[in-house]
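All remarks here apply to the structure that follows.
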Amino acid sequence: MVINAVAVSVDRQVSIREALRRIDEKGAGILLLVRTDGTFERTVTDGDIRRLLLAGATLDDRLDRLAQIQSLVLHEGYTRQSALELMSTHGIDHLPVLDKRGVAVRVVERRELDEQILLSTPHLGEAEREFVEEAFRTNWIAPLGPNVDAFERELADWVGVPFAAALSSGTAAIHLALSLLDVGPGDLVLCSSLTFAASANPVLYLGATPVFVDSEPESWNISPRALERALEQLRKSGQRPKAAIVVNLYGQSADMDPVLELCRRYEVPVIEDAAESLGARYRGRASGNRSRCLRRCNPASAADQTRDRCGSGIPRRRCDRCAWRGHRRWSGGVLDVLWWLVLHAAADEVLDDWIGVGRRGPGDADLAGADLGDRPVGDAGPRVVPGGGFGCEGDSATIGDRG
């Protein structure tokens, strides 16, 4: 619960009776005593009032009987960690937040700071223990071995793609995909705006510039409408993104059909970041198998790179099969025991259960739906955030679409 500072503010002319009524009515357990100029003076708790009454005050007496003390406060720009440390050190559950004028703008509660929404809770049981022990018994601990090979094969079969490459993280996977597309300094890469930072970090690793495209309200994933505006705006400025990273967030697939059609029209390869949507389906197909960016290559570039081709005729470092063959150097020292655990404990034992409580992807009705509630919306139309690209200083730009 967010406590409105104005709603719990009183001055010293308020009676003790009224103060108790306010505390009971607001349910916050705290009042803010303010001066005549509106600046914050101190906090008032039901304990403070109880002590006044025990000292002989009556319910009709005013709060001017309260002593002048310096209460603990936060200032705008505080961090969650600093607020929790202050509360824990002094054994309190509320802290007023003051602006530069010394006016209380809100009250922070401990339960507000402690409340967390866990995105992916661990699932560990006896099966996981058995598979870890089996990996040790077979002596395939690190770095790679038959368990990783099995994981790659079974995951590829699950998603419905020819090959899968097990890497140390989703970040490494995006990094590899961008490298296979020759992304480098001076390039632009379109990214979903509502996502984990790792979706954009590999773009920066390679010296390119991320351009963030806003979300649509149904799935919170990339908006095809905003994407079209971004692509057209860039085309008019004589720029073509080297790639587009489409994130499937919180178990839901982005609306991939219009996204892929737009990127095909503007000749922009698509990287589908489906790390969070394993098991979801989009129009009857598994999430994560829609993009074909690593199988495409620029004809001009292909003509210049006749060396080391695979059977498909595509330069070896550009196709799925060869990405799989050469991915080992990107593995980051991942332990074979971990992939064994993921493969058998997740894919064989509990993945079906996880999928059973998944969310419906656009155009698909075979997963349980979930109401995401009201989504924040902003001004309609494209916008370039100050400090971003397109003539502004900074490393990134945002093109928005809300409405």
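The values are calculated or read from the model by the stated rules, or taken from the named source; none is laboratory data. Treat the numbers as computed from the prediction; the structure is a model and nothing was measured. Cβ: placed from backbone, ideal geometry, glycine included. Neighbour counts: every protein chain shown.
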Completion exercise
Leu84 fails exactly one of (1) loosely packed, with under 15 Cβ neighbours inside 10 Å; (2) in contact (Cβ under 8 Å) with a residue 24 or more places away in the chain, namely (1)
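Test of understanding: among Ala156, Ala166, which residue is free of Cβ contacts under 8 Å to residues at least 60 places away in the same chain, under 21 Å from Ala280 (Cα atoms) and either not β-branched (Val, Ile, Thr) or not in a helix (DSSP H, G or I) (or both)? First the steps, then the outcome.
Values: Ala166 fails: free of Cβ contacts under 8 Å to residues at least 60 places away in the same chain.
Answer to the selection: Ala156.
Determine if segment 43-54 includes at least one residue that is assigned to a loop (DSSP other than H, G, I, E, B), farther than 28 Å from Asp114 by Cβ and touching a residue at least 12 places away in the same chain (Cβ under 8 Å).
Taking segment 43-54 as the starting set, the residues that turn out to be assigned to a loop (DSSP other than H, G, I, E, B) are none.
The answer is no, given that none of the residues of segment 43-54 is assigned to a loop (DSSP other than H, G, I, E, B), farther than 28 Å from Asp114 by Cβ and touching a residue at least 12 places away in the same chain (Cβ under 8 Å).
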Fill in the blank from the handout: Ile49 meets each of (1) over 38 Å from the mean Cα position of the chain (by Cα); (2) over 28 Å from Ala19 (Cβ atoms); (3) not polar (S, T, N, Q) with one exception, condition (2)
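Could you say which residue among Ala198, Ala244, Ala208, Ala254 is over 19 Å from the mean Cα position of the chain (by Cα) and hydrophobic (A, V, I, L, M, F, W, C)?
On the way: Ala198 fails: over 19 Å from the mean Cα position of the chain (by Cα); Ala244 fails: over 19 Å from the mean Cα position of the chain (by Cα); Ala254 fails: over 19 Å from the mean Cα position of the chain (by Cα).
Answer to the selection: Ala208.
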Practice task
Would you check if there is a residue in segment 193-211 being among the aliphatic types (A, V, I, L, M), out of contact with any helix residue (DSSP H, G or I) (no Cβ under 8 Å at 6 or more places or on another chain) and farther than 28 Å from Leu118 by Cα?
Solution key: no
Practice task
Could you tell me whether any residue of segment 13-29 is under 10 Å from Leu63 (Cβ atoms) and touching a Phe, Trp or Tyr at 6+ places or on another chain (Cβ under 9 Å)?
Solution key: no
Practice task
Please tell me if Ser301 is assigned by TED's automatic domain parsing to the domain that holds Thr195 and either surrounded by fewer than 20 Cβ atoms within 10 Å (Cβ to Cβ) or modelled with pLDDT of 85 or more (or both).
Solution key: yes
